[in-house]
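This report concerns only the one structure given below.
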Amino acid sequence: MNHIDITSFKAYDIRGELGVSLDEDISYRIGRAFAQILFQRYQQAAATQDSELAMLQPAIVIGSDIRHSSEKLKQAAIKGIVDAGVDVIDLGMTGTEEVYFATSHYAALGGIEVTASHNPINYNGLKLVREGSRPISADSGLADIQKLAENGNFAEQTIIGQVAQKLDKTAYVDHLMRFIDTDKLVPLKVVINSGNGSAGPTIDLLEQRLKQKNAPIEIIKLNHTPDGSFPNGIPNPMILANRESTKQAVIEHQADMGIAFDGDFDRCFLFDARGEFVEGSYIVGMLAQAFLQKNTGTSIVYDPRVIYNTEAIVAESGGNAVISKSGHSFIKQVMRESGAIYGGEMSAHHYFRDFFYCDSGMIPWLLTIELLSTTGKSLGQLVDERISAYPSSGEINFKLTTVGSDEILNAIDTHYQSQNPEKNTLDGLSLDFGDWRFNIRASNTEPLIRLNIETKGDQALLEDKVSEIKAWLNDQGAVLA
């Protein structure tokens, strides 16, 4: 095949504008390159009797979200995989975590989810994992896939792979249900906003399972039907306006909590009984504490954007706090290295050792209804004290109009140098002044820079520093997104 440049490869996945940096030809090339590289590793393992790899099924699992473009991109990737001589297990319409589960469940060579998650409707992408649901990032194989996909130098195959559809989600739902004890659940009413994304069918199955267990959980469904036209807007609860419908439904139904998902439901966003959105970093702390109460001394992984509350809770609970660069491939790798039982990002990604070290949007809300049941506390009661102790700004996004992200980070570093803060460049730039800190970093998926500010118990200081840095960034040519 002829050489083409593919610009949709990012730090840890593939994301691009349809018809510009991603189309069916590109998806075919990615599927074929991915399959060829994994299959060659499998063949080498079989030849050298590497038992772990040689025991795998020479197949790749694939699923896609509800976007109208996803099915065609998936079929193109499937064609690429089978042309590489590798079998395909087609999961149908799925969330990303279903691909993570199926890759390990079926002992496959790897998995692909076709999704653009929360990106605009004219975008799509592919998330890739290799055996054991391990991540693939720019420095662990993604660059090799890009190179082969671009040059089109594919190995000739005399055998065409076969496609099998496996749409039954029973084993996946079984696995999710193992995370909670349904006998401990008390009567709760929850609002679940699927955002017309891919979450609805899984919510229905979990609701059925809870009813079978006689669990007294009432689910109020909002924007429940999967619809790739997204009639109620792109499912992205990080956008403030998108939170209002969940908030109002919680208030209207006098629910105990609200839950909202992005398009491929690998992130879980929670609202308390007042309809107030709970920032992700406080959910990380809450779940870390819950895991540490049952597993004293284990490791908890967290990202550098908002850290005060998580570090305090892990220290108080006798755990081992392990910081990681944000992004799913980095968090998963650090979790495996440290043996962490749980990892969380303030962006509402939550990772679990017992879910193949992968992120799940379904497990957090299940754990939370168990927490509300066993503690007798509301979600607000579980997090309000922590919010007061370590107030944070939430993520503030800026578009750059005249300067690049590196220039901005260097300039703000210089601007605050005279105050002699503790500096960390693990992920963007973090400056800690003792009683307050901030992290600023470039987005890996969008042309934005993201700012988070937090203080130790000082809401007035937080508001002052938010105003100060916003004004400074404005002067530098960065405008609120």
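Assuming 0.692 mPa s and 37 °C, estimate D for segment 359-481 with Stokes-Einstein, Rh taken as the Kirkwood radius over Cα pairs, in µm²/s.
It diffuses with D of about 202 µm²/s by this estimate.
Can you give me the long-range amide H partners of LEU22? Hydrogens built in the peptide plane at 1.01 Å from N, cutoff under 5 Å, separation of 5 or more residues or another chain.
For LEU22, the qualifying residues are GLU17.
Taking just the alpha-carbon atoms of the chain, what radius of gyration and Dmax come out, in angstrom?
Spelled out, the Cα radius of gyration and Dmax of the chain are 22.3, 69 Å.
Which of the lysines could a cross-linker bridge to LYS147, judged by Cα under 21 Å and excluding same-chain residues fewer than eight apart?
Reachable lysines: LYS10, LYS74, LYS79, LYS127.
Tell me, what HN-Hα J-couplings in whole Hz come from the Karplus equation 6.51 cos²θ - 1.76 cosθ + 1.60 at θ = phi - 60° for each residue of segment 155-160, using x for Gly and Pro?
Using θ = phi - 60°, the values come out as 5, 6, 10, 9, 10, 9 Hz.
Dipole size in debye (nearest 20) for segment 44-163 around its Cα centre, Lys and Arg Cβ +1, Asp and Glu Cβ -1?
Roughly 280 debye for segment 44-163.
Let me check I've understood the local charge: for SER299, count other residues with C-beta under 10 angstrom from its C-beta, Lys and Arg +1, Asp and Glu -1. What total comes out?
Overall, the nearby charge balance is 0.
In straight Cα distance, which lysines are under 29 Å from LYS377, not counting same-chain residues fewer than 8 positions off?
The qualifying lysines are LYS184, LYS189, LYS211, LYS213, LYS221, LYS247, LYS294, LYS456.
When the Karplus curve 6.51 cos²θ - 1.76 cosθ + 1.60 is applied with θ = phi - 60°, which whole-Hz ³J(HN,Hα) does each residue of segment 49-63 get, with x for Gly and Pro?
Karplus values, whole Hz, x for Gly and Pro: 6, 6, 4, 5, 6, 5, 7, 6, 7, x, 8, 10, 8, 8, x.
As a check on your grasp of the helix formula, calculate [θ] at 222 nm for the chain: sum -39500 (n - 2.57) over DSSP H runs of n ≥ 4, divide by the residue count, round to the nearest 500.
-11500 deg cm²/dmol
Arranged by the count of other C-beta atoms within 10 angstrom, fewest first, what order do LEU372, LEU73 take?
Neighbour counts put them in this order, fewest first: LEU372, LEU73.
When DSSP beta bridges are limited to those with both residues in the chain, what percentage is antiparallel, rounded to the nearest 5?
For the chain, the DSSP antiparallel bridge percentage is about 60.
How much net charge surrounds ALA164 when only the other residues with a Cβ under 10 Å from the Cβ of ALA164 are counted, with Lys and Arg +1 and Asp and Glu -1?
Surrounding charge for ALA164 is -1.
If you stretched the chain out fully between THR414 and ASN474, how much longer would it get, using 0.36 nm times the residue separation minus the C-alpha to C-alpha distance?
20.0 nm
Taking the beta-carbon count within 10 Å as an exposure proxy, list TRP472, TRP365 from fewest neighbours to most.
TRP472, TRP365
Roughly how compact is segment 279-359, stated as its Cα Rg over 2.2 N^0.38 Å to two decimals?
It is 0.91.
Radius of gyration and Dmax for segment 186-276's Cα atoms, expressed in Å?
Computed over the Cα atoms of segment 186-276, radius of gyration and Dmax are 12.5, 37 Å.
Quick one: if you stick a label point 7 Å off each Cα along the C-beta vector at LYS189 and VAL20, how many nm between them?
Those two pseudo-labels are separated by 4.5 nm.
Quick one: net charge around ARG274, please, counting Lys, Arg +1 and Asp, Glu -1 for every other residue with C-beta under 12 Å from its C-beta.
Charge balance near ARG274 sits at -3.
Relative to the present Cα-Cα distance, how much length would full extension add between ASP435 and GLU422 at 0.36 nm per residue of separation?
Once the chain is fully extended between ASP435 and GLU422, it gains 3.5 nm.
Grab the beta carbon distance between MET55 and SER467, set R0 = 51 Å, and tell me the FRET efficiency rounded to 0.05.
0.30
Which FRET efficiency value, to the nearest 0.05, is calculated for LYS166 and ASN397 with the Förster distance at 41 angstrom and r the Cβ-Cβ distance?
The computed FRET efficiency comes out at 0.60.
No value in this document is a laboratory result; all are computed from the given coordinates. Quantities reported herein were computed from a predicted structural model and do not represent experimental measurements. Glycine also receives a Cβ, built like all others from the backbone with ideal geometry; neighbour counts cover every protein chain displayed.
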